[in-house]
Amino acid sequence: MKTASRNAYPIWRGRLAALAAAAALAAAALGSGCATIQEDVFVGTAADADFANLARLSDEAALIRAQAAAGAADAAALSAARADAASLKTAQPLNDGYRARLAAIAGDLALLAADRSAAQSALAEAQAARPDEERVFLLRSRLAKKESEAEAALTEGIARASSAFVLKAELGELRARQGRYREAIALLDEALPRLTEAERGLYRGSRELALSLRDVENAPTGAAGYAAANPLSLLGLAVIAQEGTDLLDYLTGAKAWAPGPLYARLAGSGLFGPGDIKSSDAATRARLAYFLWNLVAAREENRSLLTMYSVRYAQGTLGPVPDAPPGSWYFDAVLGCVEREILSLADGTHFRPEDTVSGAEALKAARKAAE
């Protein structure tokens, strides 16, 4: 036994010396103290390939989240991604940053699967491994039940995490939902170039929305603020229709939508007519008629109203209103609104489709359409 001990001692001492030398090299290379030496040498370091697997999994999660936001959730892809996360966990390296990020991504996937319990457990695991990891704050914000809590998690993460571009993009998306469009653009423009293509796809829509609505950020929010406007903007027309009538209840569920998102939804549905239009554009009589007539058709659940006059005046027959000819995009809307006395002919003969309308005129017409 003594001989065996004497023979083993030099080997043990040699290994200790090698380990100490490795620690010294790590400290010199990283310019760090004893705490870092312990983490990198005694805990272990993940290889580039390990973090590449995390990046791939993160991109999968971003794609699945984007699909879910568009109403096309891929249950099979989500199940496969969760299985992938579980597989990576069984062979994960002993690295705090890796373990925190993997747990946070797994928690995000659980949240997408409506498994809040698993997501909460993953968050606790990620925080225990490394609480200042960017994805930990991201998961915290997405798990928050109140917008204020989600915002607090993002702002704290931006201040604490070593990399915070995903957090800035997420906060930019939140700012767009809040109607703070200029802040949203600033955050997203800073973050998006530093994200992967999958992540950019997740936030690109929010930037486009913020860019299109930045000019309305300080606009009035109530119908009273627009009723006195002359000419009235298309944004003002949306607000007047929402607050002055029940014409949009089918869309909003009788809840008050913020002006920006309301306009974006209406314009995206084509309710203001064709063309490259902006929320700040003046509402013309043609667009007012088109907007109101489409809402009448939706209210009465009768889409045939949208083409009934085109059918009646088919085969090149001249219409009864000289400046609203058959084949024009506003033809049916103008005739419908005139026939129901929602709008009148300007001089008893002409409609004057390109004339702008005031807020008071639009409110009066919208209320007649809602009768």
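Taken together, the values in this text are just the output of simple stated rules run on the coordinates, not laboratory data. Note that this is a predicted model, so its numbers are computed, not measured. When we count neighbours, we look across all protein chains shown, and the Cβ atoms used for this are built from the backbone with ideal geometry, even at glycine.
Relative to the compact globular guide of 2.2 N^0.38 Å, what is the alpha carbon radius of gyration of the range 225-369, as a ratio?
0.99
As a length-normalised measure over Cα pairs under 8 Å and 6 or more apart, the relative contact order of the range 48-215 settles at 18 percent.
Across the options Gly319, Leu248, Asn294, the greatest Cα extent toward the positive end of the charge dipole of the range 225-369 (unit charges at beta carbon of Lys, Arg, Asp, Glu) belongs to Leu248. Across the range 302-371, the volume of the C-alpha convex hull divided among the residues equals 93 Å³ per residue.
The trypsin sites (Lys or Arg not before Pro) of the range 112-160 that meet both conditions, a loop assignment by DSSP and at most 13 other Cβ atoms within 10 Å of the site Cβ, are Lys145, Lys146. Put simply, the convex hull of the Cα atoms in the range 48-215 casts, on average, a shadow of 9.2 nm².
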